[in-house]
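Just so it is clear, none of the values below were taken in a lab; they were calculated from the coordinates. In this text, all values refer to a predicted model and were calculated from it rather than measured experimentally. Cβ placement follows ideal geometry from the backbone for every residue including glycine, while neighbour counts extend to all protein chains displayed.
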Amino acid sequence: MGWLTDAERRILTAVVDRLIPPGADPAAEPGAADVGVVDYIDGLLDAFSVVPPRIFAGGPSSGRAGGAPAYEPFLPLPRLQEIAWRERIGGWQQVYRSGLAALGPDFVTAEQGRQDELIAAQEEFAALVYEHTCEGFYAAPEYGGNRNLAGWRLANWSGDVAPRGWTAEEVSAPK
């Protein structure tokens, strides 16, 4: 991964932790930066630096609940999907580059209230980074985020259990 500059990574780290901050006990309730959301976003923005691009993980199972770990080899894209994804990611790259630049290097040390104001002032960037922060927090770890399955644990979700599946008790048990 490496589309973001070091300075942009520092700013983005502060941004994602404003969107999903760590709890009182960061070991039990990590924030977005601790679970690898910046790596997820950087990997998404840099998806075409590898072949095949890091867009769609393989399958049918991750190997976390048995079976072969088949998510890691990413799938090649058909020609039209590649064109569409290149265009989409190119637009995202522009939004991130301009949004992070607008926040400025002082964003990292600004007070939280000021950080929130600066993020909100960049409407297109704020919407996109919020979407990607949520994705990275809860996505399959093969995409770079959800480190140690922290997002899934916090959501009380057992994650991808293929090929085992869910038992009838797991499906109908109250939470």
Note: Ser172 to Val50 extended length (0.36 nm per residue) minus current alpha-carbon separation gives 39.7 nm
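Could you calculate the FRET efficiency of Glu87 with Ala7 from 1/(1 + (r/R0)^6), where r is the beta carbon distance between them and R0 is 25 Å, rounded to 0.05?
Numbers: r = 26 Å, r/R0 = 1.06.
That pair, Glu87 with Ala7, gives E of 0.40.
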